[in-house]
1. If I ask for residues that are of a type in the set (A, V, I, L, M, F, W, C) and outside any helix (DSSP H, G or I), which ones from segment 368-409 would you list?
2. Is there a residue being under 30 Å from Tyr67 (Cβ atoms), assigned to a helix (DSSP H, G or I) and at pLDDT 90 or above anywhere in segment 267-282?
3. Within segment 299-336, can you find the residues that are of a type in the set (Val, Ile, Thr) and either surrounded by fewer than 21 Cβ atoms within 10 Å (Cβ to Cβ) or farther than 18 Å from Pro361 by Cα (or both)?
4. Regarding segment 284-293, can at least one residue be identified that is of a type in the set (Val, Ile, Thr) and in contact (Cβ under 8 Å) with a residue 24 or more places away in the chain?
5. Working only within segment 426-445, note down all residues that are assigned to a helix (DSSP H, G or I) and either surrounded by fewer than 20 Cβ atoms within 10 Å (Cβ to Cβ) or at pLDDT 95 or above (or both).
6. Is at least one residue of segment 242-251 in contact (Cβ under 8 Å) with a residue 24 or more places away in the chain and touching a Cys at 6+ places or on another chain (Cβ under 7 Å)?
7. Checking Tyr296 against (1) assigned to a helix (DSSP H, G or I); (2) surrounded by fewer than 21 Cβ atoms within 10 Å (Cβ to Cβ), which single condition isn't satisfied?
Amino acid sequence: MGKQKMSFMQIFNMSFGFLGIQFGLALQNANVSRILQSFGADVEHLSLFWLAAPVTGMIVQPIIGHYSDRTWCKLGRRRPYFLVGAILASAMLFLMPNAPALKDFLSPLLIGAGILMFMDASINVAMEPFRALVADKLPSEQRTLGFSLQTSLIGIGAVVGAVLPFVLTNWFGMSNVADAGGVASNVKTAFYIGGAVLLACVLWTVITTSENPPAEEEKSNKEKDGGFFEIFKDFGRMPKTMRQLGVVQFFSWFALFSMWVYMTPAVAEHCYNTIDRTSIEYGNAGDWVGVLQGIYNGVAAIFAFLLPWIASKIGRRATHAISLLAGALGFASFFIFKDPNMLIISMIGVGIAWGSILAMPYSILAGSLPAAKMGVYMGIFNFFITIPQICNGLLGGLMVKYLYGGHTIYAMVFSGVCLLIAAISVLAVDDKDDPVQLRLFGKRN
């Protein structure tokens, strides 16, 4: 039996938890480099600390996907995993800015790095089943809408999370300057709020969304399942479309990782003319980076509503290629603009790319995956997100030190080059059930 169409409100409720997850993730992306530098991290070493995110994601997501495919309980298949992940991620958001309180046991830098790793693992446990849930429940003709709505909610959560420290400083008078070895008051309060919002949003999805019990065929496949090591077999059997998208994802996420790691020091040096982490100028740069990250996420949230319409006219591949090209131009323009306000223009391009990155690859991928393996393949697909970040984490600091002469603005420019390569690569992807291709060329074997 085919999947039944869902109402807009049902799709909204199903995706609402992602708003909270991205709220917490935006706080992390915009502020963790700033926090770790307050704890004593050097700019050349920041990318190594950020390896926590992709390494844990690469390990956790396929495992969660594999076992969520085979889980059924009172809460369903996917919901138990993102509920537990949300509880743990919320706890880590409360702990991260309080790492200095544990300095008698370990250095705040090591404690912060450990909390970052555990936070990323928890966010990955919560995040992976949301992608699979959309693919589980929606028919092909609603899939782009489902992932686009998910992207819009991601963008809204990210906007609020990213700008929250700026708002707390400029509207409520909280300090944005960290004491030596500590965390600024506005950042600490923002993390507390983020932990509460993350948990509340995921609870909303758990309460309002039902799941379909596994079909008899899926139960039979579960009984014949080879266990944990089946993941490695599935990796070897991944569809051609997934391998092709892997190239696109590699260059897309290499670029994004550079932005998250180096954007604060790049903007501080290039636009605010400071590398002093304890200066008011550096604090202002950090707050403005939060606003800029809110802008690109806000653009992504709005652009995501246009994605289904654009894809229905020109196809999913062309839609993604054009979006990535906009992001490439946005990153390249970082070098041109010295006025921090002009970087708003740059972030519009980045936001268009980000909106597409969060939706179109999954919309293209889902049509090539077997229904009984949706969770594990969505998890394995995460390899193509985590591997480029790991490569960047290992090489990024060396590139900043030896190729860029310590000037992180060039990392932003190289991100533009990477998105240009990704835009070209997506045109070679085989999108098996793209409605535009089927309409123009008929069903392909």
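1. Once the filter is applied, which keeps residues that are of a type in the set (A, V, I, L, M, F, W, C) and outside any helix (DSSP H, G or I), segment 368-409 yields only Leu369.
2. no
3. Val299, Ile302, Ile310, Ile314, Ile322, Ile336 - these are the residues of segment 299-336 that are of a type in the set (Val, Ile, Thr) and either surrounded by fewer than 21 Cβ atoms within 10 Å (Cβ to Cβ) or farther than 18 Å from Pro361 by Cα (or both).
4. yes
5. Leu427, Ala428, Pro435, Val436, Gln437, Leu438, Arg439, Leu440, Phe441
6. yes
7. (2)
Yes/no matrix, rows are residues, columns are (1) out of contact with any helix residue (DSSP H, G or I) (no Cβ under 7 Å at 6 or more places or on another chain); (2) crowded, with 22+ Cβ neighbours inside 10 Å; (3) without any contact (Cβ under 8 Å) to a residue 12 or more places away in the chain; (4) outside any helix (DSSP H, G or I):
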| residue | (1), (2), (3), (4) |
| --- | --- |
| Leu149 | no, yes, no, no |
| Ser152 | no, yes, no, no |
| Gly155 | no, yes, no, no |
| Val159 | no, yes, no, no |
| Val163 | no, yes, no, no |
| Val167 | yes, no, yes, no |
| Ser175 | no, no, yes, yes |
| Asn186 | no, yes, no, no |
| Thr189 | no, no, no, no |
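The values are calculated or read from the model by the stated rules, or taken from the named source; none is laboratory data. Not measured: the values here are computed from a predicted model. Cβ: placed from backbone, ideal geometry, glycine included. Neighbour counts: every protein chain shown.
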